[in-house]
Amino acid sequence: MQLSRHLLGTAALTLLLPQGALSLGEPCPLIGAYYPAPSLLGTSEHVRNAVKGAEAQLKEALKNGTLDGNTTSLSIDVYSLHDESPLYTFHYTPELLISQRTAGVEKIDSNTVYRIGSVSKLWTAYLYLITAGDRSWNYPITDFIPELAALAKERKASDNAIDNVAWEDITVGSLASHMAGLSREPAWNGGLAATLKAMGLPDQGGNSHSTCGDAERAFLPCNRTAFFQDYAKRHPSTTPFLTPAYSNGAYQIFSYALENITGRALSDDFQTRLVEPLGLNATYYFEPNTTDTSFIPINATVSWWNGNLQEEIPAGGYYSTINDMTRVGKAMLNFTLLSPAQTRRWIKPQAFTSSPNYAVGAPWEIIRAPGSPNSWIYTKTGDLGAYSGVTALMPDLNIGMSILAAGSRSGGQVRMATDILAENFVPAFWAQAKDETSAVYAGTYTDKKTNSTITVAAADDAPGLIVNKFILGGQDVLQTLSALLKSKFNLRLYHMGLSAKGANGTTTDSWRAIFETPASVSISHSTSCISWMSLNQYVYGGVGLDEFLFTIDPTGKNALALESRIAGVGIAKNGTAASGARKLARTTRLNSKLSI
């Protein structure tokens, strides 16, 4: 058989193995490529158990006071892109607050309107990308804000970088990702000023005295003229792109840039480019005209329900419901308003923090998910007055969570609820992803004509698929490589998110192999997992040594064939019509196969 001589006839094959990907004693998976996203979560036993666990923990926490059952409400949605109804919904209405309320609903449900605080920043960034794309994100903000262009010439950071912001170095994207190094708040805190003055501290006379808006509020947003007279002349917190520095003022400037690009008020685009296309039934840029469906702790003033953030609204002023937050999350996961590539580009981290479990995006707050495998939850939290919220997505799994709270302990309520949900649901989602992957792909693929067999299974020790048997042309590939390398040899496959339409409604999925041998190389632990450096490293005839294709039946529930593309042999899965499976596999090839 020419096939076996071509692939296995010489020890020189070891030179073709991507040495950088060889693991030191444990698997080195490709993050984000563990499994295809699960699609049967609505009927999953893992998810049913997670619901029971989360429900029990939430109720116990409300009972014992870990969550505030007296003065703070709570609304939750856990959802999947593949299920029309939420996987889990939970609402809690505190009796004490209801008895004290002066307006709003008596009982909270999924259509109850809350303020969403700085979750607004996420939607503002989303709206920017929908409307203007991200090509301008690397342009200097001075290209879009004439007040800042003039200030950059007047107050040069090169003359005094301590007192003068380097506006010419700040980009649109740095504002979106909190990497501009700007002051956090866009206006003067009257209460703080009074306290410090009473302590005897003198006013240094700088530009930080604008008091636009409601004088009873702690942080007072300004109109555009006052904003640039004051905020733009504040001392920088740090130099641009050095370290994340959270800034509400940055998002006010960010929104001005978008209005410059579109020539329209942001409030108009909010309605026509976000609310209407997604069918958001109770999402508002300005305060709603009625409080009939709203939850308002105590009253509109104490709760900040009617706090007018004026031109800081894009940073934290929107109103919405759990139902509408879920619609927006699903639109992000489903690429409804942005392309897949642009969405993935937006979601990726922009900077690290000092915590290994926390990174910053634009404006994502990215936290390490509990359990294994190593994964991340892309969140955005928000707090305004008595209101708090969080939206959380796991694009690898096509799932999301929406949480809203209102009351005296809303911030803690939201964060504790997020932890409870993550601890219960994330392991369940990964377990379901593994089960579905095993059901579709695992099995033995055999071609008697070429005397070839490949057996794959969902591994217990790591994500992805492990190749337990790999025989081509009668030769045992794994055994031969183990002998050549004088070490145990593993081959694992990872899903790369690439697919092509095949014949008769079938689909072909692309997977890549990572080669592992514990004794292959000796390098430090800090660089031991570098499988990402070797993808498609060795190519022959336009085909990668590590490239494998699965042909999936029209139902998406069963793989029909598996092809090692370097060999060019489509091998039918046992239990399927062998000749038909081989034919279907071959019709989906994108490159010419090797001559064997």
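Read-outs: derived from the displayed coordinates by stated rules, not from any lab. Keep in mind that what you see is a predicted model, and the values were worked out from it rather than measured. Reconstructed Cβ throughout: ideal geometry from the backbone, glycine too, with neighbour counts over all protein chains shown.
Mind checking which of VAL119, ILE108, TYR92 is farthest towards the positive end of region 78-136's charge dipole, using Cβ charges of +1 (Lys, Arg) and -1 (Asp, Glu) about the Cα centre?
After comparing all options, I get VAL119.
Whole Å is fine, so just give me how far the alpha carbon centre of region 314-355 lies from that of region 143-192.
26
What's the ranking of 468-480, 66-78 by average number of surrounding C-beta atoms within 10 Å, highest first?
Peptide ranking by packing, descending: 66-78, 468-480.
Mind counting lysine pairs for me in region 114-433? Cα separation below 24 Å, and the two need to be 8 or more apart along the chain or on different chains.
10
For THR262 and ASN223 in the same chain, what is the full-extension length gain: residue separation times 0.36 nm, less their Cα-Cα distance, in nm?
Here the answer is 12.1 nm.
Counting Lys and Arg as +1 and Asp and Glu as -1, each charge on the Cβ, what is the dipole of the chain about the Cα centre in debye, to the nearest 20?
Here the size comes out at about 2100 debye.
Among TRP304, LEU421, THR453, which residue has its Cα positioned farthest towards the positive end of the charge dipole of the chain, with +1 placed on the Cβ of Lys and Arg, -1 on the Cβ of Asp and Glu, and the dipole taken about the Cα centre?
THR453
How do 230-236, 111-117, 534-540, 193-199 rank on mean C-beta neighbours within 10 Å, highest first?
So the order, starting with the most tightly packed, is 111-117, 230-236, 534-540, 193-199.
Would you list which aspartates and glutamates come within 18 Å of LYS59, measuring only between C-alpha atoms, while excluding same-chain residues fewer than 8 positions from it?
Answer for LYS59, where 18 Å is the Cα cut-off: ASP68, ASP77, GLU95, ASP109, ASP419, GLU423, listed by chain and number.
Between region 440-467 and region 77-104, what is the separation of their alpha carbon centroids in Å?
Cα centroid of region 440-467 versus Cα centroid of region 77-104: 45 Å apart.
How much length is gained if the chain between TYR540 and ASN504 is pulled fully straight, taking 0.36 nm per residue apart and subtracting their Cα-Cα distance, in nm to one decimal?
That pair, TYR540 and ASN504, stretches by 10.0 nm at full extension.
Arrange the peptides 425-431, 354-360, 313-319 so that the one whose residues have, on average, the most other Cβ atoms within 10 Å appears first.
Output ranking for 425-431, 354-360, 313-319: 313-319, 425-431, 354-360.
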